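Colleague: I'd like to ask some things about the structure below.
Just so you know, all these numbers are worked out from the coordinates, no wet-lab data involved. Predicted model only: the values in this text are computed from it and were never measured. Cβ placement follows ideal geometry from the backbone for every residue including glycine, while neighbour counts extend to all protein chains displayed.
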Amino acid sequence: MKTLIISRKAEDTRRRFQTRQMQALGLDFEFLDAFEARDLTPEECQKAANSWPSPTLREDIACFTSHRIAWRRVIDRGERMLILEDDAVLSESIADALAGIEARPDADDIAYDLEFAPRDHILAKRPLWTDGIYCARRVFQNRVGLAGYVVGPGAAARMLKDTETYGLLDAYIWHRAWLKAYQIEPAPIIQMQFLDGSADKAAFIRKSIDRAFKPGKLRKNLLRLKIEGIRARNLIRGWLRSERRPLRMDRASFPADPAKPAD
């Protein structure tokens, strides 16, 4: 499975890190130049902010746009791809997780989340499948995380259609009415900032370059009601067959200090 890494051209440290990581794991990869936040005008930022209830940063819109470009790449290739953000750290056994996904049929309504996020999710009690090491469970609530996921061309095309209007991407995508999202556990991907034991994370933590843009009060409240309605629908779907809990991950399967180059 091809890996597509979203990364800004100027992020030399991150690109060197990802190149080392991909080569060590034997993964086939390429970089996708991320959309630059600085290229957005204040008017474009405000227009995007008017369609989401929470404050919106330039970086949020740039991230949204970059993932949409990635989905077009998936469609052009006509096959499933692992999409990463450039601060993602991968487990040494991630190839096994990807093999488990590749062994399953590809459908237009399926995406796999491989990322650990330090927030409770609502997950199915029983897995859809397991290979003895990894398992995939239906996700009924996940409000954070898009640093490592697998999507095929059919689902990517539907995501593109659904995101013609801006939304905070991770919270927006994982709650699409048509999407069957599955979490891989133990999670084989984690963002550098959440991985204990890494000594130098400074190059992997971004700071905002601008103020936040906000919608009007009435629009904000209406958008909030709409989003909460979607989340409530998902919770009803999993009412009797789900549980709220932290995601599982195996710290020992990740590098001791991934930010440190090997000697």
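Colleague: Can you tell me which of Ala70, Ala24, Ala124 moves the most in a GNM of the chain? Springs connect C-alpha atoms under 10 Å apart.
Modeller: Fluctuation is largest for Ala24.
Colleague: Please return the longest stretch of the chain lacking exposed loop sites, where chymotrypsin sites (Phe, Trp or Tyr not before Pro) count only if DSSP places them in a loop and at most 12 other Cβ atoms lie within 10 Å.
Modeller: On the way: sites that count: Trp178, Trp239.
Longest site-free region, per DSSP loop and neighbour criteria: 1-177.
Colleague: Follow-up. Going out from 0 in 10 Å bins, what whole percent of all Cα-Cα distances in the chain drops into each bin?
Modeller: 7, 30, 37, 22, 4, 0
Colleague: In whole Hz and in residue order, list the ³J(HN,Hα) couplings for segment 251-256 that follow from phi through the Karplus curve 6.51 cos²θ - 1.76 cosθ + 1.60, θ = phi - 60°; x for Gly and Pro.
Modeller: Using θ = phi - 60°, the values come out as 4, 5, 8, 9, x, 4 Hz.
Colleague: Additional query: Which net charge results when you count Lys and Arg as +1 and Asp and Glu as -1 among the other residues whose beta-carbon is under 12 Å from that of Ile110?
Modeller: Once all neighbours under 12 Å are counted, the net charge is +2.
Colleague: Compute the separation of the alpha-carbon centres of segment 1-46 and segment 77-115 and state it in Å as a whole number.
Modeller: 17
Colleague: Quick one: if you stick a label point 7 Å off each Cα along the C-beta vector at Asp196 and Asp106, how many nm between them?
Modeller: Output for this residue pair reads 3.8 nm.
Colleague: How large is the Kirkwood hydrodynamic radius of segment 20-162, counting all unique pairs of alpha carbons, in Å?
Modeller: 16.9
Colleague: Turning to a different aspect of this structure: So what J values fall out for segment 29-44 if you push phi through Karplus, 6.51 cos²θ - 1.76 cosθ + 1.60 with θ = phi - 60°, rounded to Hz, Gly and Pro as x?
Modeller: My calculation for segment 29-44 gives 9, 8, 8, 10, 4, 6, 5, 8, 4, 5, 7, 8, 7, x, 5, 5 Hz in order.
Colleague: Which entries of Lys47/Lys220; Lys180/Lys214; Lys2/Lys125; Lys125/Lys226 show an alpha-carbon separation above 22 angstrom in the structure shown? Walk me through the numbers before you get to the answer.
Modeller: On the way: Lys47/Lys220 13 Å; Lys180/Lys214 30 Å; Lys2/Lys125 31 Å; Lys125/Lys226 27 Å.
Going by Cα-Cα distance, Lys180/Lys214; Lys2/Lys125; Lys125/Lys226 fall outside the 22 Å limit.
Colleague: Right, another one. Lys and Arg at +1, Asp and Glu at -1: add these up for the other residues within a Cβ distance under 9 Å of Asp86 and post the number. Mind dumping the intermediate values first?
Modeller: Values: positive: Arg8, Arg14, Arg15; negative: Glu11, Glu85, Asp87.
So the surrounding residues net to 0.
Colleague: While we're here: Report the charge-dipole magnitude of segment 51-144 in Debye, nearest 20, computed about the Cα centre from +1 at each Lys and Arg Cβ and -1 at each Asp and Glu Cβ.
Modeller: Charge dipole of segment 51-144: 400 debye, to the nearest 20.
Colleague: Continuing with the same structure: Which value in nm describes the separation of the simple spin-label points at Lys125 and Leu25, placed 7 Å from the Cα toward the beta carbon?
Modeller: 3.3
Colleague: Fewest first, what order do Glu30, Glu115, Glu185, Glu164 take by the number of other Cβ atoms within 10 Å?
Modeller: Arranged by neighbour count, lowest to highest, Glu30, Glu115, Glu185, Glu164 become Glu164, Glu30, Glu185, Glu115.
Colleague: Name the long-range amide H neighbours of Gln141: under 5 Å, sequence gap of 5 or more, or other chain; modelled H, no Pro or chain starts.
Modeller: Ile122
Colleague: While we're on this one: Kirkwood hydrodynamic radius, computed over distinct alpha-carbon pairs, for segment 35-111: how many Å, to one decimal?
Modeller: Working: mean 1/r = 0.0660 Å⁻¹.
Computed over segment 35-111, the radius equals 15.2 Å.
Colleague: Hey, another quick one. For segment 19-79, take the alpha-carbon Rg, divide it by the Kirkwood Rh, and send me Rg/Rh.
Modeller: 1.12
Colleague: Can you give the helix-only mean residue ellipticity at 222 nm for the chain, where every DSSP H stretch with n ≥ 4 adds -39500 (n - 2.57) and the sum goes over all residues, rounded to the nearest 500 deg cm²/dmol?
Modeller: Values: 7 runs with 87 residues, N = 263.
Mean residue ellipticity at 222 nm (helix-derived): -10500 deg cm²/dmol.
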